[in-house]
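Peer 1: I have a structure I would like to understand better, so I am pasting it below and will then ask my questions one at a time.
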Amino acid sequence: MACALVGAPLLLSACMSSEKDIDLSTYVDQTEPGDVLYNQGLANLNAGRLSEAAKKFAAVDQQHPYSEWARKSMVMGAFTNYRQGNYEDAISGAKRYLNLYPSTDDAAYAQYIIGLSYYRQIKDVTQEQKEARLCIQAMQNVVTRWPDSEYVDDAKAKIRFATDQLAGKEMQIGRYYLERREYIAAIKRFRNVVENYSNTRHIEEALARLTEAYYAMGLTSEAQTAAAVLGRNYPDSQWYKDSYKLLQNNGLQPRENSASWISKAGKLITGAS
């Protein structure tokens with residue numbers, strides 16, 4: 001009786017264990033070599049079957065973790081997700097690659113994918129510009145850490161675009177305040193453009209709007225300085241012509257006050273490149 005009672009749990013345990021055991025022969029059959037899966041992923045990618053390509057690259061990472069093929073598949077998987085518009089997955093995959101393999105030849109490419117993923121999510125200037133800021137950070141990492149990489153020129157172009165978006169957002173908010181005659185709030189936005197986004201296409205309008213806002217507040221010296229800096233840098237600009245006319249209609253002319261913040265900031269103006 002005692003022997004039977006002792007043996008029963010063991011028998012039951014053995015039965016339960018056998019149900020949970022993995023059929024190793026089946027597992028081996030389902031596992032393909034890493035290079036085969038990787039090349040299948042590339043073939044699907046080249047054929048435009050992006051979903052299938054992503055599955056193959058993911059399978060390499062799952063079945064052959066930390067192998068050379070898994071490393072290659074990780075960055076290609078991030079690229080495939082980017083191509084599919086799965087930007088968060090692309091960013092996550094590329095960041096994972098950089099954490100594991102920060103010094104490899106493909107590290108610059110992984111960082112570039114992160115920047116591209118943020119770039120594709122940049123919204124119209126009427127909306128929040130978080131992605132533009134993140135794009136600048138990501139692409140600046142490409143430029144700084146891999147200055148000789150093939151991605152640098154495009155990274156710089158994306159930085160210029162994203163910077164222009166940030167300046168555009170400041171201008172949109174500034175115009176809103178100016179229309180409401182909230183001049184101090186408007187000037188704050190236009191000043192930010194002049195001081196921090198002087199290499200964008202918005203600099204001409206920002207100086208013209210400063211002329212308008214300062215004049216409306218009765219701060220004629222600042223208005224004249226803004227117009228003078230605008231004329232010195234963009235003498236043929238329609239914005240300068242409008243600013244000049246505004247002052248002239250009231251018996252004033254552009255005149256630069258070298259002690260003004262506008263004059264000091266004006267020396268750094270490079271315009272849109």
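Peer 1: Whole number in Å², please: accessible area per residue of the chain, 1.4 Å probe, ligands, DNA and RNA not counted.
Peer 2: 56 Å²
Peer 1: Return the Rg/Rh ratio of region 121-199 with Cα-based radii and a Kirkwood Rh.
Peer 2: Using Cα coordinates only, the ratio equals 1.09.
Peer 1: OK, next. Equivalent ellipsoid semi-axes for region 38-148, as square roots of 5 times the alpha carbon gyration tensor eigenvalues: give them largest first, rounded to whole Å.
Peer 2: Each semi-axis is the square root of five times an eigenvalue, giving 25, 17, 10 Å.
Peer 1: Here is a follow-up. Of all accessible surface on the chain at a 1.4 Å probe, what whole percent is carbon and sulfur?
Peer 2: The computed percentage sits at 50.
Peer 1: Enumerate the calculated ³J(HN,Hα) couplings along region 102-113 in order (Karplus 6.51 cos²θ - 1.76 cosθ + 1.60, θ = phi - 60°), each rounded to whole Hz, writing x wherever the residue is Gly or Pro.
Peer 2: Couplings: x, 10, 7, 5, 8, 5, 4, 5, 4, 5, 5, 4 Hz.
Peer 1: By how many degrees, 0 to 90 and rounded to 10, does the Cα axis of helix 2-20 deviate from the longest principal axis of the chain?
Peer 2: The angle comes out at about 50 degrees.
Peer 1: Sticking with this structure for a sec: Past 20 Å, Cα to Cα, is the threshold; run Lys123/Lys169; Lys72/Lys158; Lys72/Lys156; Lys72/Lys95; Lys158/Lys264 against it and keep the listed order.
Peer 2: Those over the limit are Lys72/Lys158; Lys72/Lys156; Lys158/Lys264.
Peer 1: Give the ranking of Lys156, Lys56 by solvent-accessible surface, highest area first, calculated with a 1.4 Å probe.
Peer 2: Descending accessible area places them as Lys156, Lys56.
Peer 1: Quick one: what Rg and Dmax do you get for the chain from the alpha carbons, in Å?
Peer 2: Over the chain's Cα set, Rg and Dmax evaluate to 30.3, 117 Å.
Peer 1: State the percent of C-alpha pairs, over all pairs in region 130-273, separated by a distance greater than 18 angstrom.
Peer 2: 57 percent
Peer 1: Compute the angle between helix 68-84 and the longest alpha-carbon principal axis of the chain, please, reported from 0 to 90 degrees and rounded to the nearest 10.
Peer 2: 50 degrees
Peer 1: Let me spell out the model: positive unit charges on the Cβ of Lys and Arg, negative unit charges on the Cβ of Asp and Glu, origin at the Cα centre of the chain. What dipole size does that give, in debye rounded to 20?
Peer 2: Rounded to the nearest 20 debye, it is 1360 debye.
Peer 1: Please calculate the 1.4 Å probe accessible area of Tyr101, with all protein chains present, and give it to the nearest 10 Å².
Peer 2: Surface accessible to solvent at Tyr101 totals approximately 40 Å².
Peer 1: Still on this structure, I have one more. Show log10 I(q)/I(0) for region 158-226 at q = 0.23, 0.26, 0.27 Å⁻¹, two decimals, from a solvent-free Debye sum over equal Cα scatterers.
Peer 2: Taking Cα atoms of region 158-226 as identical point scatterers yields -0.88, -1.07, -1.13.
Peer 1: While we're looking at this one, here's another question. Met139: net charge of surrounding residues, Cβ under 13 Å, Lys/Arg +1, Asp/Glu -1, itself excluded?
Peer 2: Computed value for this residue: +3.
The values are calculated or read from the model by the stated rules, or taken from the named source; none is laboratory data. Just so we're clear, the structure is a prediction, and the values are computed from it rather than from any experiment. Please note: Cβ atoms are built from the backbone with ideal geometry, for glycine as well, and neighbour counts cover all protein chains shown. SASA here: full protein model, heavy atoms, side chains in, ligands and nucleic acids out. Shrake-Rupley method; radii C 1.70, N 1.55, O 1.52, S 1.80 Å.
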